[in-house]
Amino acid sequence: MSDTIKFPSLALVPSADEPQSAKEFKSDQEVRWCPGCGDYAILAAVQGFMPELGLKRENIVWVSGIGCSSRFPYYMNTYGLHTIHGRAPAIATGLSTTRKDLSVWVVTGDGDALSIGGNHLIHAMRRNVNLKILLFNNRIYGLTKGQYSPTSEQGKITKSTPMGSLDYPFNPVSLALGAEATFVARTMDSDRAHLTSVLRAAAEHDGTALVEIYQNCPIFNDGVFDGLKDGEEKEQHIIRLEHGEPIVFGAERENGVIRAADGSIQTAKVADVGLDSVLVHDAHANDPGLAFALSRLSNSENLDQTPMGIFRSVERPTYDTLLRDQVAQAQSSGAPDLAALIAGNDTWTIS
Amino acid sequence: MTKQVVPLDRVIIRFAGDSGDGMQLTGDRFTSETASFGNDLSTLPNFPAEIRAPAGTLAGVSSFQLHFASRDIMTPGDAPNVLVAMNPAALKANIDDVPRGGSIIVNTDEFSKRALQKVGYESNPIEDGSLESFRVHPIALTSMTVEALKGFDISKKDAERSKNMFALGLLCWLYNRPTEGTVEFLTQKFGKKPDILAANLAAFKAGHAFGETTEDFAVSYEVKPAPMDAGTYRNITGNTALSYGLVAAGQRSGLPVFLGAYPITPASDILHELSKHKKFGVVTMQAEDEIAGIGAALGASFGGALAVTTTSGPGIALKSETIGLAVSMELPLVIIDIQRGGPSTGLPTKTEQSDLLQAMFGRNGEAPVPVIAPNSPVDCFAAAIEACRIATKYRTPVFLLSDGYLANGSEPWKLPNLDELVDMKIEFATGPNHTLADGTEVFWPFKRDPQTLARPWAIPGTAGLEHRIGGIEKADGSGNISYDPANHDFMVRTRQAKVDGIANDIDPLFVDDPTGDADVLVLGWGSTYGPIGAGCRRVREAGMKVAQAHFRHVNPFPANTEEVLKRYKKVVVPEMNLGQLVMLVRSKYLVDAISYNQVRGLPFKAEELAGVIEDVIKSV
Ligand code: SF4
């Protein structure tokens with residue numbers, strides 16, 4: 001089917017017999033996030049997008065850890081695992097490597113993925129396991145009622161940090177690039193079209209896809225991404241990354257990203273530097289240097305120039321495939337002989 | 001003139017040297033020759049945690065003990081009849097274990113003033129008379145090896161390194177061991193390095209010839225083959241047997257085996273062994289940490305694999321939360337703990353039985369997990385299969401508690417008839433299993449088998465059975481999230497009842513009570529089976545009566561346990577911990593069991609246990 005051609009990472013997952021609707025992906029469970037939570041929009045976007053994949057529902061598995069976002073699998077009418085804090089990438093790795101016929105998705109949050117589960121996240125990415133990891137970043141601990149998270153800005157006043165948090169935050173995209181991720185993207189709960197396009201690219205990617213999704217938590221961290229949502233401001237603040245296109249932004253596309261004389265990445269008025277000086281985005285570049293530099297244009301303290309879209313998307317054999325290749329190679333030399341294995345090379349007989 | 005051959009019933013030899021002296025290899029080779037000769041045997045390797053501790057120090061001493069006999073034996077032996085000491089450190093570290101009158105073969109070349117001082121000898125014990133009560137054979141092993149290898153195209157260092165083969169040759173002569181196996185082994189090992197091969201062979205033969213010609217050894221010894229059941233045998237260590245058990249379970253169940261593991265002593269050998277068997281559909285993943293190892297295994301289990309994780313005590317501590325998740329999700333998972341000395345890093349290369357209570361209770365909430373403990377290196381094979389059987393049948397994590405002694409110790413194994421292995425055909429759920437009030441057919445992931453209380457195993461890819469499960473409490477039947485108090489109470493009790501019910505699906509506790517009227521029962525679990533058995537044998541040989549029972553299933557206990565315990569006036573429980581099984585037995589059966597403990601990182605000695613048992617018998 002055309003779908004299986006479109007999504008190389010899903011080539012081994014059986015296709016649905018009939019066209020599907022978003023409704024089919026809604027489970028019978030009542031959704032229990034707070035009113036106004038950004039998770040609703042993401043859930044709707046995912047459910048709306050799933051039919052595009054055209055996969056048999058029973059061959060899709062959602063795996064999560066602990067946190068508000070990790071309730072996600074309960075709401076998807078597929079197989080699902082709601083596991084323990086931080087461990088979803090590890091658990092999903094075992095599932096993905098043993099079952100080539102499954103499309104495995106991980107839902108995690110900034111606390112789950114970057115704090116308690118940081119080790120599993122980086123190792124899944126370096127291995128390039130065929131997982132799609134959606135990291136809902138609301139820069140706060142929601143489920144435990146409002147402590148600062150590893151993506152909270154420094155100095156954040158919360159219940160656990162009445163005088164302000166001390167730790168310097170992670171930049172999830174920089175972290176993923178540093179961890180050898182082959183696909184790294186950023187999108188936002190409120191921009192359904194962009195979110196869907198990124199999900200599509202992630203699904204298409206053969207290997208680990210890390211998608212950071214800015215997600216508003218109206219209860220404990222309301223409005224932290226408002227600068228990227230407000231109609232007038234957002235054009236000034238969002239740098240949309242499109243592969244093969246010059247990196248320009250602003251309502252009139254009047255700003256661009258350039259490489260300065262000292263080699264650093266900066267923004268400038270296109271009128272001042274000329275379009276030729278504006279960098280062209282190359283998500284497929286093997287060297288992650290530019291992607292990393294782009295990721296440094298914004299951080300938890302300052303979202304004034306925030307790249308959105310696919311930072312990096314490169315091909316590298318997946319752990320799953322390499323492992324299956326080894327098994328196939330081992331099995332190519334004839335049938336296994338348990339009796340011979342157990343006997344070994346050094347036996348004696350007593351009669 | 002041929003020397004006289006003196007027959008012996010049994011011999012205990014200990015090879016001891018520096019970590020770099022190749023003592024483990026020497027011991028292994030002697031063991032192989034002994035096994036193929038038909039003796040019963042048991043081995044105890046003992047090595048430092050450091051890979052290369054400073055040369056010549058006490059910390060760097062590595063040893064290998066082998067007990068072989070013309071009858072069946074149960075332990076690697078208490079005290080060596082012969083100690084081979086390759087340097088002063090090896091002598092000093094082991095001499096206290098050699099009984100007066102025992103033989104000591106020392107490599108005099110290594111007894112320099114400096115080497116002696118390094119381990120605190122003020123004078124040379126070979127010369128100062130301090131070894132008078134032993135039969136000392138001072139032999140210049142190193143220089144004789146170098147001499148024998150003159151003319152070979154190898155460095156002096158390589159020549160010196162062959163001294164372990166010289167020693168092996170000498171011992172093979174002394175105990176009339178066959179030599180073909182070693183020749184073949186060396187040929188395989190050094191086939192690509194002809195010079196080294198030739199040197200090793202020459203050293204081995206020189207050692208053998210030296211025995212024959214030297215006047216230092218007036219006689220050689222012979223230990224006749226032990227009467228053993230007809231069959232084909234091999235020698236095997238516990239970790240290898242355990243690995244083969246997992247491969248066999250995969251074949252019997254028809255499931256791919258998935259091992260998620262992080263390297264840790266003394267469990268890594270299982271990871272190494274299983275990683276060689278992809279041909280059998282065995283997949284191994286070296287994870288980023290202990291938690292990921294078990295996590296990946298649990299994920300694989302959800303997908304329908306026979307999932308295994310291997311570790312030692314510290315790793316179990318890290319895996320606890322995931323074990324709880326497996327209890328809650330009721331998925332099959334085999335957790336292998338090769339116990340070592342604790343707490344914390346403890347004694348990584350030494351044995352201990354101190355993780356029993358961790359396995360029983362080391363989780364939050366009421367999280368019962370069946371516990372199985374192999375009794376001998378060979379039993380690791382069957383115990384691994386049993387663990388897989390229980391895990392898959394009852395959809396539960398299962399603990400397999402081996403230890404360093406079983407892991408590295410070896411004994412002859414009569415190869416099993418594979419057709420007689422338990423059949424573990426797995427049936428995954430294929431369709432709806434419940435009808436709602438309105439007549440709709442649905443799949444309920446927590447609707448249990450009334451007999452086993454196991455829930456259905458419905459794997460992704462099965463249409464119509466899509467379901468979501470997790471660590472939050474689930475409603476009985478539907479498996480949906482439930483915070484209902486009565487449901488939680490019911491689910492907690494049901495998970496416990498499921499594990500308790502396994503008692504009816506395992507062998508009853510066997511009691512070895514030859515006269516049938518002993519007053520004292522010795523009760524153990526796991527790797528102490530051999531030492532306790534050998535202790536009981538001594539007691540019986542001394543004319544006293546004692547019964548022995550040994551748990552292989554520690555949770556749940558076999559159904560007849562209470563009846564067995566109440567039959568005896570006294571119950572003694574020797575353990576390599578401070579009394580963990582005894583705590584369980586006392587609380588569960590209100591039996592005033594006597595605890596006997598030792599935590600030296602070494603197995604019990606038969607003599608020691610015999611003394612303990614005799615004291616209890618006399619006190620009745
Ligand atoms: S606490 Fe915040 S993140 Fe959690 S559900 Fe409520 S709004 Fe959403």
Taking the DSSP beta bridges in region B:463-620 as the whole, what percent of them are antiparallel, to the nearest 5? 20 percent
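Using a probe radius of 1.4 Å on protein heavy atoms only, what is the accessible area buried between chains A and B, both sides summed, to the nearest 100 Å²?
5100 Å²
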Sorted largest first, extent of region B:154-286 alpha carbons per principal axis (Å): 61, 44, 25
Please work out the C-alpha center-to-center distance from region A:59-74 to region B:319-343 and express it in whole Å. 23 Å
In Å and on Cα atoms, what radius of gyration and Dmax does region B:1-66 show? 14.5, 47
Taking protein heavy atoms only, a 1.4 Å probe, and rounding to whole percent, the accessible area of region B:492-620 owed to carbon and sulfur comes out at 51 percent
So what are the ³J(HN,Hα) numbers for region B:126-141, from phi and the Karplus equation (6.51, -1.76, 1.60; θ = phi - 60°), rounded to whole Hz, Gly and Pro as x? 5, 9, 8, x, 6, 9, 4, 7, 10, 8, 9, 10, x, 10, 7, 4
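For region B:28-174, give the percent of accessible area contributed by carbon and sulfur heavy atoms, probe 1.4 Å, rounded to a whole number.
Working: 2850 of 5940 Å².
Here carbon and sulfur together make up 48 percent of the probe-accessible area.
Once the convex hull of the C-alpha atoms of region A:217-351 is built, how many Å³ does it hold per residue, rounded to a whole number?
254 Å³
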Can you tell me how region B:177-227 classifies by the Cα gyration tensor, rounded, prolate or oblate, using a/c under 1.5 as the rounded cut? oblate
Report residue B:272's accessible area, 1.4 Å probe, all protein chains in place, as a number in Å² to the nearest 10. 100 Å²
Provide the per residue accessible area, probe 1.4 Å, for chain A, rounded to a whole number of square angstrom. 41 Å²
Which value, in Å to one decimal place, does the Kirkwood hydrodynamic radius take for region B:310-437 when every pair of different Cα atoms is included? 16.0 Å
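Given a 1.4 angstrom probe, what's the average accessible area per residue across region B:130-222, in square angstrom?
I get 50 Å² per residue for region B:130-222.
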Region B:516-559 shape via C-alpha gyration tensor axes, a/c threshold 1.5: oblate
Computed from the mean reciprocal separation of all distinct C-alpha pairs, what Kirkwood hydrodynamic radius does region A:1-118 have, in Å? 14.8 Å
Most mobile of A:209, A:271, A:330 in a GNM of chain A (Cα contacts under 10 Å): A:330
Top to bottom by accessible area (1.4 Å), largest first, where do A:127, B:71 land? B:71, A:127
Within a 10 angstrom radius of each residue's Cβ in B:467-480, how many Cβ atoms of other chains show up on average? Whole number is fine. 4
Region A:1-74: relative contact order in percent, alpha carbon pairs under 8 Å with at least 6 residues between: 38 percent
List for region A:106-129: residues with 40 Å² or greater reduction in accessible area, all protein chains versus chain alone, probe 1.4 Å? A:120, A:127
So what's the protein assembly as shown giving for Cα Rg divided by 2.2 N^0.38 Å, two decimals? 1.10
On the Cα set of region A:53-155, report Rg and Dmax in Å, please. 13.6, 47
Rg/Rh of region A:166-292 (Cα atoms, Kirkwood Rh), to two decimals, equals 0.97
With θ set to phi - 60°, apply the Karplus curve 6.51 cos²θ - 1.76 cosθ + 1.60 along region B:210-219 and write out the HN-Hα couplings as whole Hz, x wherever there is a Gly or Pro. 4, x, 5, 9, 5, 7, 5, 10, 6, 10
Mind grabbing the accessible area of residue A:175 for me, 1.4 Å probe, Å², rounded to tens? 40 Å²
Carbon and sulfur atoms account, in whole percent of the 1.4 Å probe accessible area of region A:1-141, for 54 percent
Equivalent ellipsoid semi-axes, region A:205-264, via Cα gyration tensor eigenvalues times 5, rooted, Å: 25, 20, 12
What share of the DSSP beta bridges in the protein assembly as shown is antiparallel, in percent to the nearest 5? 35 percent
Distance histogram in 20 Å bins (all Cα pairs of chain B, percent per bin): 19, 47, 27, 7, 0
For region A:195-227 and region A:99-125, compute the distance between their C-alpha centroids and round to whole Å. 14 Å
Accessible area per residue in Å² at 1.4 Å probe, computed on region B:374-431: 32 Å²
Sorted by accessible area (1.4 Å probe), largest first, how do B:158, B:337, B:72 line up? B:72, B:158, B:337
According to the Cα gyration tensor, what semi-axes, each the square root of 5 times an eigenvalue, does the equivalent ellipsoid of region B:65-113 have, listed from largest to smallest in whole Å? 25, 10, 9
Quick one: helix B:290-302 against the long Cα principal axis of chain B, what's the angle to the nearest 10°, folded into 0 to 90? 50 degrees
What whole-number value in cubic angstrom gives the convex hull volume per residue for the C-alpha atoms of region B:235-297? 77 Å³
Which whole-Hz couplings ³J(HN,Hα) result when phi for each residue of region B:29-37 is put into the Karplus expression 6.51 cos²θ - 1.76 cosθ + 1.60, θ = phi - 60°, listed in order with x for Gly and Pro? 5, 4, 5, 4, 5, 5, 5, 5, 6
If you filter region A:1-88 for GluC sites (Glu not before Pro), then keep DSSP loop positions with at most 15 other Cβ within 10 Å, what is left? A:30
Per the Debye formula with a single identical scatterer at each Cα and no solvent contribution, what log10 I(q)/I(0) holds for chain A at q = 0.09, 0.10, 0.12 Å⁻¹? -0.52, -0.63, -0.87
Select from region B:202-235 those GluC sites (Glu not before Pro) which occupy a DSSP coil region and have at most 16 other Cβ atoms within 10 Å, ordered by residue number. B:215
Quick one: which residues, 5+ away or cross-chain, put their amide H under 5 Å from the amide H of residue B:482? H built at 1.01 Å from N. B:473, B:474, B:475
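What relative contact order, as a whole-number percentage, does chain B give when Cα pairs under 8 Å and 6 or more residues apart are counted?
Computed value for chain B: 12 percent relative contact order.
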Inter-part gap, Cα centre of region B:464-529 to Cα centre of region B:78-157, in whole angstrom, is 54 Å
Heavy-atom accessible area of residue B:185 with all protein chains present, probe 1.4 Å, nearest 10 Å²? 60 Å²
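Too long at a 22 Å Cα-Cα cut-off: which of B:92/B:150; B:393/B:566; B:92/B:163?
B:92/B:150; B:393/B:566
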The correct ranking of B:135, B:493 by accessible area at 1.4 Å, largest first, is B:493, B:135
Where both partners of a DSSP beta bridge lie in chain B, what percent of those bridges are antiparallel, to the nearest 5? 35 percent
What residues of region B:363-383 lie in the reach of a label at residue B:492, counting those whose backbone N is under 19 Å from a point 7 Å from the Cα along Cα→Cβ? B:363-370
Report the semi-axes of the equivalent ellipsoid for region B:404-467 in whole Å, largest first, where each axis is √(5λ) for an eigenvalue λ of the Cα gyration tensor. 41, 13, 12
In terms of modelled amide H atoms, which long-range or inter-chain residues lie less than 5 Å from the amide H of residue B:236? B:411, B:413
Per DSSP helix of 4 or more residues, -39500 (n - 2.57); summed, then divided by the residues of the protein assembly as shown. What does that give at 222 nm, rounded to the nearest 500? -10000 deg cm²/dmol
Hull volume per residue for region B:94-195, using the convex hull of the C-alpha atoms, in Å³ is 132 Å³
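The values are calculated or read from the model by the stated rules, or taken from the named source; none is laboratory data. Bear in mind that the values here come from a model prediction, so they are computed numbers and not experimental data. All Cβ positions, even for glycine, are placed from backbone atoms using ideal geometry, and neighbour counts span all protein chains on display. For the accessible areas, the whole protein counts, side chains as well, though only heavy atoms, and no ligand, DNA or RNA atoms are used. Shrake-Rupley method; radii C 1.70, N 1.55, O 1.52, S 1.80 Å.
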